1. Taking a label point 7 Å from the Cα of R141 along the Cα→Cβ vector, which residues of the stretch 179-205 have an amide N closer than 17 Å to it?
2. Once fully extended, how much extra length lies between K235 and Q293, figured as 0.36 nm per residue of separation less the alpha-carbon to alpha-carbon distance?
3. For K82 and Q57, what does the FRET efficiency come to when R0 = 35 Å and r is the distance between their Cβ atoms, rounded to the nearest 0.05?
4. Multiply the residue separation of Q256 and K114 by 0.36 nm, subtract the distance between their alpha-carbon atoms, and state the gained length in nm to one decimal.
5. Out of the chymotrypsin sites (Phe, Trp or Tyr not before Pro) in the stretch 145-225, which ones are loop residues according to DSSP with at most 15 other C-beta atoms within 10 Å?
6. Please compute the length gained on full extension between E106 and V207, using 0.36 nm multiplied by the number of residues separating them and subtracting their Cα-Cα distance.
7. Enumerate the lysines that K235 could reach by cross-link, defined here as Cα to Cα under 19 Å, with residues fewer than 8 away along the same chain left out.
8. What nm value, rounded to one decimal, do you get for the distance between L1 and L73 when each label is placed 7 Å out toward the C-beta?
Amino acid sequence: LLVSKDLGKHLLEVEDLLQKHGLLEADIAAQTERVQALNAAALKFSELEGYQPCDPQIICNRVNHVQTCLEELEELAAKRRKELEDSRQLWTFFQEMEEAEAWIREKEKILAAKTCGRDLSSVVTLTNKHKTMLGELGNRRALLHQTMKKGEKILAKKSFGSVGIQEKMREVCLRWKKLEEVTGLHQQRLEDAMNFFQFSAETDDLVAWLQDMYRIVSSDDFGHDDYSSQALLRKHRAVVDEVEKHRGAVMALRKQLALLAPDHRQGVDVQIRVVEVEQLYGEVAEVAVLRTQWLQDALAVYRMFSEVHACEVWVDEKEQWLEKMEVPEELDEVEVVQHRFESLDQEMNSVMGRILDVNQVVQQLVEGGHPSSDEVRSCQDHLNSRYGAQVDL
């Protein structure tokens, strides 16, 4: 049993042989105690004085022979255990290498079937799964490293069965290297897809925002009086500031596009999308400038109407006073009236300045092609005639 050359052809068979060898070792250990007891008893006969049933030398020779046989048996047992344990190490190595190869084949199939997603959400999901796989790859790399060390130790012993270990290690290393390359390429594709879909999402958000801004800046609400026009103008200026703040984001689109992977940035659709965003921003900025001018014109009109109204109220008051005024007969009363005329003259000079300002505003509105030019000019003419009548009085 101990000189058998059967060391197993796979790990399970070696484990079975080791288990049987353990039973044999236990049997040898039990017999060792028995032999030692018998040898001790036999040696007592060699030490007797007087009558000796057997030659003491024969007894000693016999005891030594049995002891030598027992020691040889123990050496054979130890040698076979070492051979079986070496065999177990060898087949453990091959089994672990086979498991590693099977794991690599499984991951190769998974990577070959993987896509990069169709939108940002699916890419995020696939990226998270890929991160999990990278963790598994790291764990498997550590296990493979340990197995490689086992193979190197077996080779260093130059024991039986080491043929094929070097080839197996080289084969698995090459396959592992290829798996890591494929994994890295897939990770790069996922990152490229992530960048592309993020770029697309940000572009879509920018388009939606610009469309809202276009709707706001193209409003035909210019207020119905001085107060409402001022409020609209303040809001519009805030909108213009926001539009200007987004100019950098729009201008940066082409730089961001250039950073995308070639197969993404060279797509016709994405290039057209960038041009559309730039054109839309230009339209928003242009209409925003026009609305600023329109609001300012509306505000100027309402302020002019307010100023005209104030001037006409003043003219009405002075006309009523002049029409009702009677030439006094007393000198003191004449001086009072004269004083009032002097004050009126000063007021008329002041009102004249306001009327000139109104005329200037009207001229600017008319020359600017304001849609209410006729109404504004009519109001101007009416005010000028009223003031002229006042001067005549």
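The values are calculated or read from the model by the stated rules, or taken from the named source; none is laboratory data. The structure presented is a predicted model; accordingly, all values stated were derived computationally and were not measured. In this analysis, Cβ positions are derived from the backbone assuming ideal geometry, glycine residues included, and neighbour counts consider all displayed protein chains. In case anyone asks, the SASA skips ligands and DNA or RNA and just uses the protein heavy atoms, side chains included. Shrake-Rupley method; radii C 1.70, N 1.55, O 1.52, S 1.80 Å.
1. 179-188
2. Working: separation 58, 0.36 × 58 = 20.88 nm, distance 1.39 nm.
Stretched fully, the K235-Q293 segment lengthens by 19.5 nm.
3. E between K82 and Q57, to the nearest 0.05, is 0.40.
4. In short, 48.5 nm is gained.
5. Working: sites: F160, W176, F196, F197, F199, W209, Y214, F222; in loops: F160, F222.
Counting only loop positions with at most 15 other Cβ atoms within 10 Å, the chymotrypsin sites (Phe, Trp or Tyr not before Pro) in the stretch 145-225 are F160.
6. 32.0 nm
7. Cα-Cα hits under 19 Å: K245.
8. In this crude spin-label approximation the distance works out to 1.0 nm.
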